[in-house]
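This is the structure I have questions about; it appears just below.
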Amino acid sequence: MKTINLQRQRFFLVLVGLLMMIMILGGCGGGSSDTAENVTQRGDLAISVADEKGDFASYTVDLLSLIMTREDGAEVTVVPNNESTRVDFSQHTDLKEFLSVASIPSGNYVAARMTLSYSNSEIWVKNQLGELVQVKNIVDEDNKKLSVVEVSVQLENFNNLTISDQSLAHLQLDFNLSATNHISFDANANPTIKVDPYLVANVNDADSKTYRLRGVLNSADLQGGSFSVAIRPFNTTLDDNGNGFGSLTVGIEDDTFFDIDGKTYKGSDGLEAMENLNPKAAVEVNGVLEYDLMRFQAGAIYAKSQTTAQTKQRTVTGCVTSVDAGILTLKGATLTNGSGNAVFKKQATIKVSGATHVTCQRSEENFDISSIGVGQKVTVSGALAGDDPQKKMVALDATEGHVRMMMTTVRGTIVSVNENDPDARLVANLQAIDNNGVKNFDFKRSAADDTDTANNTAPDKYAIDTGSLDISDFAVTEPVKVRGFVQSKGDQAPDFKAFAVLSPAGAKTLMKVQWTPETSNAFEDISIAGITIDLQGAGTDHHLYQQWVSKDLKTMQHAPIVTPQPDGAGLFILRVSGVMQSFQSFPDFIEDVQSRLADGWLIDKMWASGIFDYSKATLTADQVDIHLK
């Protein structure tokens, strides 16, 4: 096997909103330039998409094009542009999805240009009653109806994306839905979203998020311990050759978990079963990128010998919000329909029985429907029992179907830490399970029997079994994010079994404040030493977002402060009535802001990201963005 050595490069780039209202959609996209195509040496660029959590049950838009620009001006299209790619960014807060692997000419790439269409968007949020409502009024910063948005980034001031001959590089695009969108409701509770595009880009960066690869099987190599997948991101339809988004080789190890048609395997036994699958079998892989070898290493693999288009089975994915004697209710679910496309549903009802086949992600144990508790994320295969496209509701009969319990994410603030408690070393006050607020859940214990209310879960005292995981850095009131599975059996059992706990120590934090109306008094003090924020007059946004948990800045004892890194370096953006200016020096940035304020400009909003010190209410920022009007 050839080992590819690449220098690890990490950079964070704000793809900031160069918004262009494009009146004619037929001109979007584009091919590679002659200059780029004349280069004979080529390497592979793997592109993945992720996002930071926002208050969205669905954030589905169309990706029209993604074009990379080389330092000589040559342009290369890195996703198919013959038709749009449907993307739901709300589904990628805990993992990254591979978008494509493109073979592109060697060289240094200094810019990227992405075009998104909101014309056929499906964006759903929860109102004050916790009900899902669709957002139909989507506007830009000038309150003009949003259609097509082009977002550009210049990379040359940072580490360039370098493509070498016969090598593999990785570009990750991280969406931050909280920073990108401002949600408001009118007097009739109708929502409006104001969109201000914001992305973070990373090159060859490794972090804690799991990667997901979806597609169809190309081939399996039992001797080489690997298999190849033709990428089909976001359930996008493949072209006639089945490889419009490229392909990726997946490596396995002895402990790699396989679930093939509901039957579990480990290691080479699973790969042998993959080798015997029908051509173009549907495959989903969860794993990590190994940068020493620059390969995708699988942790868990899920495969079906037939796709939904080949059978009458349909698949629904979502969190169980309630159980009622054999009926599971999922709110904010995704239906994979007969054509293989993903469709958002406000609600899905699933009928299960003792004959329902129940499995658990990465487990070879035996399960039944009594194992399915409220809050558990599931993927369910069954017969379509009803579908109402207008009401966005669907029903499945899985009495003879399959329920797979998936890794679930819970978020909240810590109530207590007791490393000596064998069952509940960590107790949290829950805010959300995956993308659902806790008030959407009816916390009964299991799908088998809903009569024993004494064993119901208390979300404000959510007991988490952390096992042997290190929780020594955790403290009361701090935000926490835990990945694992809901526990549904036994009156003394914990509510949740943790497989991973994300420590708040050193975690990236987003601070976001907006003032209503715009003001000249947003800062108590502003100097090259930092910015002390005055929250008087702040609108609905005055929060920290850490570990995907929000904290109100107004509840802190001290006024929040934003300070630069010791060397003053970072990326600092000043936007004046939509015109953007970027700085790499905090003192230069502050000098310009002070000058604008002296000229009578008013502060509309501000966001900053970095490491937050709760004891000092201080954010040490590597990125700051201030909007003036």
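Restricting the calculation to Cα positions, tell me the Rg (one decimal) and the Dmax (whole number) of the range 577-616 in Å.
Rg then Dmax for the range 577-616, in Å: 12.8, 36.
Once amide H atoms are built 1.01 Å from N in the peptide plane, which residues 5 or more positions from G299, or in another chain, come under 5 Å H to H?
Amide H neighbours of G299, under 5 Å, 5+ apart: N286, G287, V288.
First obtain the Kirkwood hydrodynamic radius of the range 282-415 from its Cα pairs, then insert it into the Stokes-Einstein equation at 20 °C and 1.002 mPa s, and state the resulting D in µm² per second as a whole number.
On the way: Rh = 15.8 Å.
Estimated diffusion coefficient is 135 µm²/s.
So, one more: Between rounded, prolate and oblate, where does the range 507-629 land on the alpha carbon gyration tensor, with a ≥ b ≥ c its root eigenvalues, rounded for a/c under 1.5, else prolate if a/b exceeds b/c?
Values: a/c = 1.63, a/b = 1.19, b/c = 1.37.
Note, shape of the range 507-629 comes out oblate.
When a/c reaches 1.5 or more, the comparison of a/b and b/c decides; with that in mind, is the range 376-417 rounded, prolate or oblate per its Cα gyration tensor? Mind dumping the intermediate values first?
Numbers: a/c = 4.87, a/b = 1.94, b/c = 2.52.
In terms of gyration-tensor shape, oblate.
Non-local amide H neighbours of R232 (under 5 Å, H modeled in plane, Pro and chain starts lacking H): which ones?
R214, G215, V216
Give me the accessible area of R596, 1.4 Å probe, in Å² rounded to the nearest 10.
Probe radius 1.4 Å; accessible area of R596 about 70 Å².
Amide H of A57 versus every other amide H placed in the peptide plane: which residues, excluding those fewer than 5 positions away on the same chain, fall under 5 Å?
Under 5 Å from the amide H of A57: W124, V125, K126.
Continuing with the same structure: Going by the alpha-carbon gyration tensor, a ≥ b ≥ c the square roots of its eigenvalues, is the range 315-369 rounded (a/c under 1.5) or, if a/c is not under 1.5, prolate (a/b greater than b/c) versus oblate? Spell out each step's value before the answer.
Details: a/c = 2.03, a/b = 1.37, b/c = 1.48.
Cα axes put the range 315-369 in the oblate bin.
Step through the residues of the range 297-305 one at a time and calculate ³J(HN,Hα) from phi using the Karplus curve (6.51 cos²θ - 1.76 cosθ + 1.60, θ = phi - 60°), rounding each to whole Hz and writing x for Gly and Pro.
9, 7, x, 9, 10, 10, 9, 10, 5
Here's something else I'd like to know. With a 1.4 Å probe and all protein chains left in place, how much accessible area per residue does the range 491-590 have, in Å²?
Numbers: 4500 Å² over 100 residues.
Result: 45 Å² of accessible area for each residue.
Using each residue's phi in the range 392-398, evaluate 6.51 cos²θ - 1.76 cosθ + 1.60 at θ = phi - 60° and report the 3J(HN,Hα) Karplus result to the nearest Hz, with x for Gly and Pro.
6, 10, 9, 10, 10, 9, 10
Further question on the same structure: What are the principal axis extents of the Cα atoms in the range 349-438, in Å, biggest first?
Its Cα atoms span 47, 35, 18 Å along the three principal axes.
The values are calculated or read from the model by the stated rules, or taken from the named source; none is laboratory data. These figures come from a predicted structure and were not determined experimentally. The accessibility values were calculated without ligands, DNA or RNA, using every heavy atom of the protein model including side chains. Shrake-Rupley method; radii C 1.70, N 1.55, O 1.52, S 1.80 Å.
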